[in-house]
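Written out below as structure tokens is the structure these notes cover.
The values are calculated or read from the model by the stated rules, or taken from the named source; none is laboratory data. Everything numeric here is computed off the predicted structure, so don't read it as measured data. Backbone-built Cβ (ideal geometry, glycine too); neighbour counts: all protein chains shown.
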Amino acid sequence: MKIFYIKIKSINHQMIQFESVSKILLGCLLALFITSCESFVEVDPPRSELISETVFEEAATANAAVLSIYIQLRDNVLITGSSTGVSVSMGLYADELDFFPITGSLLPFANNMLIPTDGTIASIWNNSYNLIFQANAIIEGVDNSIALSLEDKNQIKGEALFLRACIHFYLVNLFGDVPYITTSDFKVNTEVSRTPEQEVYTQLISDLEEAKSLLPEEYLTGERIRANKGVASALLSRVYLYAEDYANAATESTAVIGKYIWENDLDKVFLKESGSTIWQFKPETEGLNTGEANLFIFITGPPPSVALNGGLIGAFELGDVRRGNWVKEVTDGTDSWYHAFKYKERGDTETSVEYSILLRLAEQYLIRAEARVQQGDIAGAQADLNRVRNRAGLGNTPAATTPDLLEAILQERRVELFTEQGHRFFDLKRMGKANEVLGPVKPGWEATDVLLPIPEVELLVNPNLLPQNPGYN
């Protein structure tokens with residue numbers, strides 16, 4: 001049997017060594033599989049070698065390949081709950097978080113002083129495209145497989161398409177025009193050009209529509225940790241909103257809202273059993289909880305890393321019970337600081353009680369509210385907005401015009417979705433308010449900061465990625 005090896009360095013540094021060229025297979029992180037796959041979802045752990053003739057002939061090994069992408073997203077890439085995720089980096093970049101250390105890789109985000117040679121920017125780019133490469137290899141492997149059942153092929157390909165779209169979604173919102181990679185052909189990938197943002201959204205929609213058509217209605221387990229039709233539809237509703245296709249955004253969010261249970265108790269929203277959760281990450285081992293709790297919660301002041309910005313604390317209306325349930329004050333008797341308290345279990349518990357939530361029902365109501373008001377449905381928008389407000393102990397919105405409702409929705413998204421995967425920055429950017437809001441409160445802010453710089457090393461290796469984003473030359 002021939003063993004196929006892959007080493008991925010970056011989108012422009014993919015090196016392939018192989019003894020058999022009969023199939024393009026996924027270079028999985030085998031040690032990661034062995035230590036993490038079984039804890040992530042109930043599957044048999046794969047063998048210690050990937051064999052070119054068999055990896056897509058068995059559902060278990062093909063599943064292990066797609067699970068590796070979930071695990072890397074959970075632990076290290078983009079939407080991770082750790083300090084390398086967009087929840088903290090873009091929270092600092094916008095007006096959600098303050099940074100307390102005097103040095104560190106996150107300081108340029110807090111000061112809005114990023115440069116093209118920044119190592120964190122390069123890691124975001126490279127790690128993201130490594131996962132996209134893996135997703136493409138899975139898609140190709142499944143398409144070429146003659147051994148997998150149709151049910152298994154649909155599930156695995158649907159998940160890979162969803163994950164490919166999810167990663168590209170964050171990249172386009174961070175960097176603007178980015179390559180939309182749909183192949184594992186390393187020669188093609190080393191010479192790619194950047195795809196215009198509008199075309200990225202067209203491809204995102206195509207991938208998510210196909211994923212939705214392939215994925216089942218039900219979750220593979222009861223824990224909502226792998227994509228199904230509802231998960232694909234939830235991300236698709238967001239993509240349609242960002243693309244300003246409001247009719248389809250409302251249609252998709254309505255479909256999602258009809259499948260999930262609204263949780264009225266704020267204390268239960270972030271528990272792993274919450275009926276309002278659409279997609280979440282399970283911790284590596286039982287008894288662990290979320291990276292977000294470890295990242296955001298601190299016991300004494302001054303904070304060791306990040307704390308909620310005073311502007312965010314002041315944004316809560318009088319009587320908003322989220323201020324008491326999802327925010328906690330720490331004081332030394334003289335000064336006070338605040339941390340996110342959505343996830344409350346910082347340490348280990350006998351069994352895990354909180355999973356990291358990526359998609360949840362409240363966002364779908366806010367998506368539909370915005371989509372409805374943009375289509376002139378004032379009453380429908382008010383009803384969706386009030387669903388979120390009323391749970392927070394607030395009365396119905398007084399906003400009754402399109403401009404006022406859009407402002408009210410932006411405000412509601414700020415206090416509902418804070419510290420969740422960069423929503424605040426993306427909202428300000430897509431609604432054209434970044435300069436207006438961030439300019440007065442961020443000393444290092446410039447108009448061109450709405451995009452991060454393309455890593456300089458990528459531009460040097462592949463000039464087709466030029467030009468650099470404005471403001472970074």
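At-a-glance table
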| item | result |
| --- | --- |
| Subset tally (residues that are in a helix (DSSP H, G or I) and surrounded by fewer than 23 Cβ atoms within 10 Å (Cβ to Cβ)) for the range 109-118 | 2 |
| Residues within the range 166-208 that are of a type in the set (D, E) and crowded, with 18+ Cβ neighbours inside 10 Å, tallied | 2 |
| Given (1) out of contact with any helix residue (DSSP H, G or I) (no Cβ under 8 Å at 6 or more places or on another chain); (2) free of Cβ contacts under 8 Å to residues at least 40 places away in the same chain, index of the condition L358 fails | (2) |
| Some residue of the range 61-75 being part of a helix (DSSP H, G or I), surrounded by fewer than 23 Cβ atoms within 10 Å (Cβ to Cβ), of a type in the set (F, W, Y) and touching a residue at least 60 places away in the same chain (Cβ under 8 Å) | yes |
| Residue in the range 94-105 that is within 30 Å of M431 (Cβ to Cβ), hydrophobic (A, V, I, L, M, F, W, C), modelled with pLDDT of 95 or more and part of a helix (DSSP H, G or I) present | no |
| Matching entry among R413, R372, R389 (being assigned to a helix (DSSP H, G or I), among the basic types (K, R), in contact with a His (Cβ under 7 Å, 6 or more places away or on another chain) and modelled with pLDDT of 95 or more) | R413 |
| Qualifying helices (runs of 4 or more DSSP H) (wholly inside the range 241-329; at least 1 residues being of a type in the set (S, T, N, Q)) | 246-257, 291-296, 322-325 |
| Exclusive hit being under 18 Å from the mean Cα position of the chain (by Cα), surrounded by 23 or more Cβ atoms within 10 Å (Cβ to Cβ) and more than 20 Å from G471 (Cα to Cα), set I121, I156, I132, I138 | I132 |
| Residues satisfying the stated conditions in the range 298-325, i.e. surrounded by fewer than 18 Cβ atoms within 10 Å (Cβ to Cβ) and in contact with a strand residue (DSSP E or B) (Cβ under 6 Å, 6 or more places away or on another chain) | I313 |
| Filter pass, I121 being hydrophobic (A, V, I, L, M, F, W, C) and touching a residue at least 12 places away in the same chain (Cβ under 8 Å) | yes |
| Scan of the range 326-340 for residues that are in contact with a strand residue (DSSP E or B) (Cβ under 9 Å, 6 or more places away or on another chain), small (G, A, S) and farther than 12 Å from L312 by Cβ, ordered by number | S336 |
| Any hit, the range 442-459, residues being at pLDDT 95 or above, part of a loop (DSSP other than H, G, I, E, B), of a type in the set (F, W, Y) and over 20 Å from the mean Cα position of the chain (by Cα) | yes |
| Options N464, N469; residue that is in a loop (DSSP other than H, G, I, E, B) and among the polar types (S, T, N, Q) | N469 |
| Residue satisfying all of: in the range 451-473; aliphatic (A, V, I, L, M) and touching a residue at least 24 places away in the same chain (Cβ under 8 Å); farthest from L241 (Cα to Cα) among these | V461 |
| Residue match in the range 395-417 (condition: among the charged types (D, E, K, R), over 23 Å from N264 (Cβ atoms) and either touching a Leu at 6+ places or on another chain (Cβ under 7 Å) or surrounded by 15 or more Cβ atoms within 10 Å (Cβ to Cβ) (or both)) | no |
| Members of the range 91-104 that are farther than 14 Å from P453 by Cα and surrounded by 15 or more Cβ atoms within 10 Å (Cβ to Cβ) | G91, L92, A94, D95, E96, L97, D98, F99, F100 |
| Index of the failed condition, K342 passing every other in (1) among the basic types (K, R); (2) in contact with a Phe, Trp or Tyr (Cβ under 6 Å, 6 or more places away or on another chain); (3) not in a loop (DSSP other than H, G, I, E, B) | (3) |
| A381, sole failed condition from (1) touching a Leu at 6+ places or on another chain (Cβ under 6 Å); (2) surrounded by fewer than 22 Cβ atoms within 10 Å (Cβ to Cβ); (3) farther than 26 Å from G91 by Cβ | (2) |
| The range 263-290, subset hydroxyl-bearing (S, T, Y) and farther than 13 Å from A362 by Cβ, residue surrounded by the fewest Cβ atoms within 10 Å (Cβ to Cβ) | T285 |
| Single match in Y338, Y260, Y343 (criterion: at pLDDT 95 or above, among the aromatic types (F, W, Y) and farther than 24 Å from F100 by Cα) | Y260 |
| Identity of the residue in the range 186-216, touching a residue at least 40 places away in the same chain (Cβ under 8 Å) and not in a helix (DSSP H, G or I), that ends up farthest from Q134 (Cα to Cα) | P216 |
